[in-house]
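Reading through the C-alpha cells given below for one structure.
Read the figures in this text as sums done on the coordinates, not as results from a lab. As the structure is a prediction and not an experimental result, all values here were calculated from the model. A quick note on method: Cβ atoms are made from the backbone with ideal geometry, for glycine too, and the neighbour counts reach across all protein chains shown.
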Amino acid sequence: MEAMTLERPVELNKTNGAVTFDEFLSRLGEGTHAELEDGEIFFVSPASVPHQELLGWLYTLLRFFVRQNRLGRVLQAPFTVRLNVSKQGRESDLLFIGQTRLGRLHAGFLDGPPDLVVEIVSPESIDRDRGRKFVE
C-alpha cells in the first residue's frame, strides 16, 4: 500500500472581474469549494484522503463535545464565512459557532467570524492559509 501524505492539489484559479458577496453566493452551487477574495472567486480543488480523515476525526470530537454541552454548532467545509472587516467570503475546514453568535448563521453562510476556525494546512496552501487568510 502506498503511503499517504497531507498534500492536496493546488487551487484551481479564479474568475475575472469584481464580484459582490451576494453574487458569489448566487453563482455557487451547494458543495462548491470556493472563496471570495477582493472581488474574485477562487475555486479550490478537492482535499486529499488524509486531509478528509483528519478533518472527519476533528469534526466528530468537537461536534460531540459541543452537542453534549449545548455550546453551539460545529460546521465543516464547504461552508462560507462572510468577514465583515474585509468583505471576503472564506471557507475554512472546521468552524465552531457559539450560542451567542447563532443568530448570524444563515442557510448558506455565517455573517461574521466564528468563535473557532480550524484550517488543515497542506504544503500547497501554506502561504495562503498562514498569510492573508490567517490575518483575516
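What is the extension gain from residue 20 to residue 68, computed as 0.36 nm multiplied by their sequence separation minus the C-alpha to C-alpha distance, in nm to one decimal?
Contour length minus the Cα-Cα distance gives 13.5 nm.
Residue 32 versus residue 117, label points 7 Å from Cα toward the beta carbon: distance in nm?
For the pair residue 32/residue 117, the computed spacing is 2.1 nm.
Quick check: residue separation of residue 57 and residue 100 times 0.36 nm, minus the Cα distance between them. What number comes out in nm?
12.9 nm
Using a 10 Å cut-off around each Cβ, can you sort 20, 80 from fewest to most neighbouring Cβ atoms?
20, 80
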